[in-house]
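Quick notes on the structure that follows.
Bear in mind these aren't lab numbers, they're just calculated from the coordinates by the rules spelled out. Everything numeric in this text was worked out from a predicted model, so none of it was measured. When we count neighbours, we look across all protein chains shown, and the Cβ atoms used for this are built from the backbone with ideal geometry, even at glycine.
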Amino acid sequence: MSVAILQGSSGGLGLAVTRHILQKTRLKVYALTHSSSSDKISDGLGSLVRDGRLEVLTGVDVLEESTLERAAKTVREAEGKGSVRLIACLAGILHPEKSLSSVSAQEALSTFQINTLGHLLTYKHLVPLLPTKRALAQLKEEWEANEGDPAKGLIGASNSLCFSLSARVGSIADNERGGWYSYRASKAALNQVIRTLDHELVNKSTSAVAVGYHPGTVLTSFTRPVIGDKPADPKHGVFEVDDAVSHMTKLMSRVKRDGDQVFGGRCFDWRGERVEW
Ligand SMILES: NC(=O)c1ccc[n+]([C@@H]2O[C@H](COP(=O)([O-])OP(=O)(O)OC[C@H]3O[C@@H](n4cnc5c(N)ncnc54)[C@H](OP(=O)(O)O)[C@@H]3O)[C@@H](O)[C@H]2O)c1
């Protein structure tokens, strides 16, 4: 079966993307979570879990590499190598330091461990499960004889996708205001991880493209401590979760390896425009 793996699946964006994929595609979803229970995620998805396409893997903490290794083994044994069309890394934390005096070494370290290394280690263990270009071409022949691509346009039929939630504040060129030392630096480093990963994906002839994404300001428990109960304001890039997921999945569907626009190793925003490093 073709598979999507979502790391950070219980979060505001994570649960909504999981719901979207179950609703709009025929992919099987492996929802990885470190903090949530299987029941909590299933309850949040209601009747969508009935057809058996959701598998929740609990206790997958990106601070513990062995839990990522275990998750990869579970998917490989159940679905086989070459089954994974989408690896989405959504995990992230924010300690919004306003100035140097509020920087804590421990908080900065855990920000890097989750926002940067957490994505890197997830790719380390899951990328070997992506189909090679040749394997994807064979899968395409099988789909054409059956019901078509199970990703149903969420991902281009000629590629698979490594997708990381980054943030515009990780852009050094865009940093006109300062603040948020550790979050900005962890996302800038994540952007470098994405660029480097994309080179390896090409060199290893995998079918995948690696892309970073800035979703705008999305009203989740992540942003609430910083912006309070502000209402959505799409004109100024502040979105409800469902709108943010709609923009995000639109971008996912546009990504491809060949063509006039280069996607691999780049970061895009909710408008579909490139975020400069
Ligand atoms: N919301 C925004 O406005 C906004 C803007 C720009 C970028 N982003 C980025 O988008 C991503 C998701 O944001 P969100 O708003 O959905 O935040 P959220 O609701 O706080 O979700 C973040 C998720 O990160 C996961 N996580 C945290 N520590 C982890 C660990 N040790 N191991 C594994 N997973 C861990 C958790 O998932 P589990 O409990 O399931 O493991 C958590 O639910 C973040 O990377 C954030 O930086 C968000």
- Message: Amide H of residue 60 versus every other amide H placed in the peptide plane: which residues, excluding those fewer than 5 positions away on the same chain, fall under 5 Å?
- Response: 33, 34
- Separation of the residue 24 and residue 81 label points, Cα + 7 Å toward Cβ, nm: 3.2 nm
- For segment 3-269 the mean separation of alpha carbon contacts under 8 Å (6+ apart) over residue count, i.e. relative contact order in percent, is 20 percent
- Point-charge dipole on Cβ atoms (K/R +1, D/E -1) for segment 1-158, about Cα centre, debye to 20: 340 debye
- Message: Below 23 Å, Cα to Cα, which lysines can residue 152 reach? Residues fewer than 8 away in the same chain don't count.
- Response: 24, 28, 81, 133, 140, 250, 256
- Message: Using a Gaussian network model on the chain with a 10 Å cutoff between Cα atoms, which of 192, 138, 106 fluctuates the most?
- Response: 106
- Extension length gain for residue 70 and residue 271 (0.36 nm per residue less Cα distance), in nm, is 68.7 nm
- Using only Cα atoms, locate the centre of segment 241-277 and the centre of segment 147-220, then give the distance between them in Å, rounded to an integer. 9 Å
- Place the peptides 219-229, 199-209 in order of packing, highest mean first, counting for every residue the other Cβ atoms within 10 Å and averaging per peptide. 199-209, 219-229
- Output ³J(HN,Hα) for segment 228-238: one whole-Hz value per residue in order, computed from phi by the Karplus curve 6.51 cos²θ - 1.76 cosθ + 1.60 with θ = phi - 60°, and x for Gly and Pro. x, 8, 4, x, 4, 8, x, 4, 10, x, 10
- Which of 161, 16, 110 sits closest to the plus end of the dipole of segment 3-269, meaning its Cα is farthest towards the positive end, when Lys and Arg get +1 and Asp and Glu get -1 on the C-beta? 161
- Message: Nearest 10 degrees is fine. How inclined is helix 65-79 to the longest principal axis of the chain, computing both from alpha carbons?
- Response: 20 degrees
- Task: Report the residues of segment 204-228 in range of a label on residue 133: point 7 Å along Cα→C-beta, backbone N strictly under 20 Å from it.
- Result: 204-211
- Estimated FRET transfer efficiency (residue 35, residue 146; beta-carbon r; R0 45 Å; 0.05): 0.75
- Query: For residue 152, which sequence-distant residues (separation of 5 or more, or a different chain) have an amide H within less than 5 Å of its own amide H, given hydrogens modelled in the peptide plane?
  - Reply: 26
- Put +1 on the Cβ of every Lys and Arg and -1 on every Asp and Glu Cβ in the chain; which of 241, 180, 207 then has its Cα farthest towards the positive end of the dipole? 207
- Item | Cα long-axis angle, helix 12-24 against the chain (0 to 90 degrees, to the nearest 10) | 20 degrees
- Task: Please determine, in degrees from 0 to 90 and to the nearest 10, the orientation of helix 133-145 with respect to the longest principal axis defined by the Cα atoms of the chain, where the helix direction is its Cα long axis.
- Result: 60 degrees
- Other residues with Cβ under 12 Å from the Cβ of residue 249 give, with Lys and Arg +1 and Asp and Glu -1, a net charge of +3
- Message: Which residues among segment 255-273 fall inside the zone where the amide N is under 16 Å from a point 7 Å beyond the Cα of residue 172, along Cα→Cβ?
- Response: 267
- Item | For q = 0.15 Å⁻¹, Debye-computed log10 I/I(0) when each Cα of the chain counts as one equal scatterer | -1.14
- To the nearest 0.05, the calculated FRET efficiency linking residue 200 and residue 235 through their beta-carbon distance, R0 being 30 Å, is 0.15
